[in-house]
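Structure first, commentary second.
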Amino acid sequence: MLAQIAAAHSGLGIANLPCHVGDTDPLLTRLPKTRPVDAYDMWLLRLRDTRSTARLRVFSEFITEAVENYRELLLGQSG
């Protein structure tokens, strides 16, 4: 990915990047009439034995909220 970014910065072509990378780089522009491709689902998994562990519950809530705050960027809808 770093090589693609460097090549695109140098004007050597285009790069196929995740939205959260390309859309936040002021030196890159998304190609017109393109749309993001659904690539991956995100899962947060925990062992059944740890579901009642307070610190893991707090972390799970934190990371879920953090990802939700970046939902549009991750889906390529922030541009």
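Rule-based calculations on the coordinates, nothing more; no lab input. Since the structure is predicted, the reported quantities are computational estimates derived from the model, not experimental observations. For neighbour counting, all protein chains shown are included, and Cβ atoms are generated from backbone atoms with ideal geometry for every residue, glycine included.
Which value, in debye to the nearest 20, describes the size of the charge dipole of the range 2-74 about its Cα centre when Lys and Arg Cβ atoms bear +1, Asp and Glu Cβ atoms bear -1, and nothing else is charged?
180 debye
Contour minus end-to-end for Leu2 and Ala54, with contour as 0.36 nm per residue of separation and end-to-end as the Cα-Cα distance?
Computed gain between Leu2 and Ala54 is 14.9 nm.
Enter the angle in degrees (range 0 to 90, nearest 10) between the Cα long axis of helix 54-69 and the first principal axis of the Cα atoms of the chain, meaning the one along which they spread out most.
Here the helix axis deviates by roughly 30 degrees.
Select one label from (i) 58; (ii) 65; (iii) 44: the one whose number is percent of Cα pairs over 17 Å apart as derived from the coordinates shown.
(i)
What value, in deg cm²/dmol to 500, does the helix sum -39500 (n - 2.57) over DSSP H runs of n ≥ 4 give at 222 nm once divided by the residues of the chain?
Calculated mean residue ellipticity at 222 nm is -11000 deg cm²/dmol.
Projecting each Cα onto the charge dipole of the range 2-74 (Lys/Arg +1, Asp/Glu -1 at the beta carbon, about the Cα centre), which of His20, Ala66, Leu2 comes out farthest on the positive side?
Ala66
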